Amino acid sequence: MDQDHIDRANEDIPQDIEPVEINEDVEVTGNEDGEEPKKEDTIQEKMKDIFSIENGPFNIHQLIHSLPAELDYTAFDAYNQNLYLGSTTGDLLHYFELEQNNYMLVSQTKFNSDFNYPIDKFQLLPKIERAFILSNNTLTLFLLPEFAPSPNVSSIPNVSDINLRSYSVRSKTYKIYIYLDDRIEELKVSQSTITRVRKYDFKMINKAISLDNIIMSSKLNNYELINAKSSEVIPLFRVSESEEPFEPIITNFGTEDFIVVSGGISKESNSMVFAINSKGEITNGTTILDKYPNNIIASYPYVVTQLSDSEIQIYKLSLGESIKLQDIKFNHKEPKLNIANTIKEFSNFNTSESNKVKESVVNVLSLVPLVGENDELRLSAEKRFVEQNFTLRTSLTMYGNCGIYLLAKNPDILEFDKFDEVEIPRIKAYLRETRKHEYSKYEQLERNYLITLRLLLIMLHCEKITDNEINKWFNSSEKVDLRILFYLFDLKIFGNVWVNTGLLKFVHNLKALKLTHKCDNLKLMLALLNKSLGEGNHGDRINDYSNIRKTIDVNLFEYMIKDEDPINVEMFPKVSLEEILKITEQEHENNYELLELLYAKLKKYTHSILLIKKTGNSDDLLSFLSNNLDNLPTEYKSISMINDILYILESPEVSEPTLRRVLKLMSSARLDPRELIPKLDHNIEGKIKLIEFLGPENSNDKKILISYYLSKLQSTITANNIWELMGTFTSEYTKDLNYYKSSIVDYLLIKLKHEQCCEEMLSTLGNIKNLCHDGDSDAALLSLVLENLQTFDIGNLLSLLVLLPEFKTKFNELLTKEKIFDLFMSYNDFVSIETYLTAKNISEVLEHYLSLSKGIEPITLVVTLLKRNRSLLNDREVLKKVLKVIPEDYPFGPLTSFLFPIFKDIEDNKRSLELEKALLKSEISLYTELLSNFDDVN
């Protein structure tokens, strides 16, 4: 990393995360309104005449300003709101906390009123409200919290030391070791009894500390590690090299190690502090002190050494090395200072200095918006969350005739206030050292902060941002918001991103460095994160997972679109696809293929339908509807689907297979296909095909078909010049004087069927006739057909072709006999004329036949007509008309054969009539004569 980048990253370091140091220059800066507040009297200022404190991680917080000056104090411990002190003269002092940080001396008694032996040790048993006090090798049980001897319990003599082994929640008993001259005894202590559990044959132990069944002890002038279970003894160091015995110093160091001190030839010569594990091995390095200390207490990884009555030194033992952190000196005229690690862990000690520490922690860990709006309510809540979960705790204390003081270490988080490269391994080491199975809310806050800081430092100091660096971010994604990384690259961010206040300026400075030059391919970085998040279930473990996924996937998508890469929608989850779809619809609306894939993946079926309609492919739309019918919304199927089916049928050419598919679809969707008929006004072809396929249901359907067929008939005839062809055929027919030729209709049908250009016309005529003959013939439809035919029919040929022969019975109803007669006459349809031949028009027919040509043909026509209609000639008047019509110059021979019998019949009839007439006259005459004779008689 070049120095310019380091300098830029370090400039404007947030002042909030400056280390809290104890010195005389500390003061409170102006408030938010810019007003200068009063200068607070800090603990350091109050105690500046008592202590000289080097800058370092530990602060001093006062509990009691002074103790009875006439006593020298040798023991101290605390339980709930109670403080207990022992003196060199056997005095026992009990202080009680009336209110926070306000203690009152409630009792001062003698351990033994007969002697002034010093109090050597307190061993509090808080869970059963008891305490052992060791004085003059005598162990006595006391009551808590009143700090009075337990009645009816004898003291135990000849005890050199005591310590806890364990506590049983089930039986509510403590197990303790007591060390006598000739043995170690294990006792079980409850509120009511003391029971000897077992004894161990280890002699002359004068001081010891245990971790379960492992005991670190001093015997004579040597340290030994004892396994009480196996009776194994591991000899260790000498307590000192001096002839004069030194007081052995042993304490616990964490949950697995012990601290012991080995001196030189005198107390003023150097001594060595060792951390020893349960196997007797040295761990965490060796600390060399200037002299043999009075006492040592420890709170892993910190060791507090009392070098003398007036000086304390603090060390950190970690990772195989020992580092001196701080020196504290007691400036009292008659210095007498002791240290103790109490059973009670003090917290929430409301002092000016502790409040400043809390404020600094809040200003480092509380979250503020990096991306998004300033939410004042959340800002307050974030600060409050840190305040509520942060507690300054300590069990390290200093006491003497100058008072009782807490020795509290500043939170570790305040020590990580630099941005140099060396901070990266330092943070990693700290995170490893403090790793455990469960974390408090504050501890998790602290770890998340440090993990984020480490990742940012890696971004600052690495030469290149590779997969390795990106994987570090991914592996921390449950603790760190990945969007901070994307913010550094100035990518599109979704959702609100909050970052610790202590990192805000650093993040802004990093972004200003334009880190993109370190990353050769941002698209590959995004693809790596996309793939990593896609493997496994991360949604439940990553906060605001949906917006993080969208941030990654949308930026990756935009890079892929820009580079024209193929888009595989399967690589994106639904939450991202929704946003990708919005972008595609807004910025890439013509990318139909991508839109189709997105709609299909998101099951946006109605959107897919609109897209298919936009492309104009009705067959694709029909396939889509058929394939996705079960998935379509109910509302769509009941309201909009019919319109989309209409869209399909609006195609200029709807094939029969397509129509079958449409009807099958509608059947599956439980839609009535007849609903389409009145709506297909813009596609008459589709409407006709649908009615044809379904069959006309009512007269309206038939009228629609009739109208269409007639229109089609007219256009077909015109397009194929069929009128000219039919004119030729009718001319040929009319000139043919063969009386027994086929009817004009049959003739035309035969001729037209042999003409390819007439196929469609005949098919249409057939459709019309079939429609009008659906069951019984429909006179109303036939009338409609004839009425419309009149607009373009020539010579009534189409009318004849429609009506005959199927509607012969309706013929006379639809056309007058005179008009029909005239039609057949005009086309010389001889046989058909006979149907309408009468006494009135026979002469007209004969005249027409005789006018057709010269020669025998007209005579033949006349003879054939008269022969076939002989009954008409029985009427003399008709016969007269016939004879009048026949020209005089026409040969009479062909007529004789059938006229003579007619004439003969007429003559015979005449004679018969005359005879009948004569007979009638005779009868009348006879009747008249008879009547006359009858009158004469009367």
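The values are calculated or read from the model by the stated rules, or taken from the named source; none is laboratory data. All of these numbers come straight from a predicted model, not from anything done at the bench. Reconstructed Cβ throughout: ideal geometry from the backbone, glycine too, with neighbour counts over all protein chains shown. Ligands, DNA and RNA are excluded from the accessible area calculation, which covers all protein heavy atoms including side chains. Shrake-Rupley method; radii C 1.70, N 1.55, O 1.52, S 1.80 Å.
Could you identify the single residue in Asn683, Asn698 that is open to solvent by 40 Å² or more (accessible area, probe 1.4 Å) and either free of Cβ contacts under 8 Å to residues at least 40 places away in the same chain or assigned by the TED database to the domain that holds Ala779 (or both)?
On the way: Asn683 fails: open to solvent by 40 Å² or more (accessible area, probe 1.4 Å).
It is Asn698.
For residues that are open to solvent by 50 Å² or more (accessible area, probe 1.4 Å) and not in a strand (DSSP E or B), scanning just region 336-359, find the one that is modelled with the lowest pLDDT.
Once the filter is applied, the top-ranked residue is Asn350.
Just for region 68-81: of the residues that are in contact with a strand residue (DSSP E or B) (Cβ under 6 Å, 6 or more places away or on another chain) and not charged (D, E, K, R), which one is most open to solvent (accessible area, probe 1.4 Å)?
Gln81
Look at Lys316 and say whether it is among the basic types (Lys, Arg), buried (at least 16 other Cβ atoms within 10 Å of the Cβ) and touching a residue at least 24 places away in the same chain (Cβ under 8 Å).
Judged against the criteria, Lys316 is not a match.
Pull up region 294-308, narrow it to residues that are part of a loop (DSSP other than H, G, I, E, B) and without any contact (Cβ under 8 Å) to a residue 60 or more places away in the chain, then point me to the one that is least open to solvent (accessible area, probe 1.4 Å). Outline the logic, then answer.
Step one: list which residues in region 294-308 are part of a loop (DSSP other than H, G, I, E, B), which gives 294, 300-301.
Of the ones still in play, those that are also without any contact (Cβ under 8 Å) to a residue 60 or more places away in the chain are 294, 300.
On the way: Asn294: 76, Tyr300: 104 Å².
Only one residue fits best here, namely Asn294.
When only residues in region 181-201 that are among the hydrophobic types (A, V, I, L, M, F, W, C) and at pLDDT below 95 count, which is farthest from Ala228 (Cα to Cα)?
For region 181-201, the residue satisfying everything is Ile194.
Any idea which residue in region 739-762 is least open to solvent (accessible area, probe 1.4 Å), counting only those that are polar (S, T, N, Q) and free of Cβ contacts under 8 Å to residues at least 24 places away in the same chain?
For region 739-762, the residue satisfying everything is Ser742.
Filter region 200-224 down to the residues that are in a loop (DSSP other than H, G, I, E, B) and open to solvent by 50 Å² or more (accessible area, probe 1.4 Å), then identify the one that is farthest from Ser168 (Cα to Cα).
By that ranking, first place goes to Leu220.
For the structure I just gave you, tell me whether Leu533 is more than 29 Å from Arg384 (Cα to Cα) and in contact (Cβ under 8 Å) with a residue 40 or more places away in the chain.
yes
Going through region 476-497 one residue at a time, which ones are open to solvent by 30 Å² or more (accessible area, probe 1.4 Å) and within 19 Å of Glu423 (Cβ to Cβ)?
Lys479
Filter the strands (runs of 3 or more DSSP E) completely within region 82-154 down to those with at least 2 residues that are within 21 Å of Ile64 (Cα to Cα) and open to solvent by 30 Å² or more (accessible area, probe 1.4 Å).
Output list reads 91-99, 102-110.
What pairs can you find where one residue is in region 538-562 and free of Cβ contacts under 8 Å to residues at least 40 places away in the same chain, the other is among the polar types (S, T, N, Q), and their Cβ atoms are less than 7 Å apart, with a gap of 6+ or different chains?
Filtered contacts from region 538-562: Arg549/Ser576; Asp553/Asn530; Asp553/Ser576; Leu556/Asn530.
Which of the strands (runs of 3 or more DSSP E) contained wholly in region 225-293 include at least 2 residues that are in contact with a strand residue (DSSP E or B) (Cβ under 9 Å, 6 or more places away or on another chain) and open to solvent by 90 Å² or more (accessible area, probe 1.4 Å)?
Values: elements: 232-238, 250-253, 257-262, 271-277, 282-289.
It comes to 232-238.
Could you please tell me which pairs satisfy a Cβ distance under 7 Å, a separation of 6+ or placement on different chains, a first residue in region 163-183 that is outside the structural domain of Ile250 (by the TED database), and a second residue that is open to solvent by less than 70 Å² (accessible area, probe 1.4 Å) and not in a strand (DSSP E or B)?
Sorted first by the residue in region 163-183, then by its partner, the pairs are Lys172/Ile128; Lys172/Ser190; Thr173/Ser190; Tyr174/Ile128; Arg183/Phe202.
Residues checked against (1) at pLDDT 85 or above; (2) outside any helix (DSSP H, G or I); (3) open to solvent by 40 Å² or more (accessible area, probe 1.4 Å):
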position	(1), (2), (3)
Leu786	no, no, no
Phe792	yes, yes, no
Val802	no, no, no
Thr838	yes, yes, yes
Ser853	no, yes, no
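Inspect all residues belonging to region 869-881 and state whether any of them is surrounded by 18 or more Cβ atoms within 10 Å (Cβ to Cβ) and charged (D, E, K, R).
yes
Is there a residue in region 595-602 that is open to solvent by 10 Å² or more (accessible area, probe 1.4 Å), modelled with pLDDT of 85 or more and farther than 21 Å from Asn628 by Cβ?
no
Restricting attention to region 530-580, which residues are part of a loop (DSSP other than H, G, I, E, B) and among the acidic types (Asp, Glu)?
Once the filter is applied, which keeps residues that are part of a loop (DSSP other than H, G, I, E, B) and among the acidic types (Asp, Glu), region 530-580 yields Glu535, Asp540, Asp544, Asp563, Glu564, Asp565.
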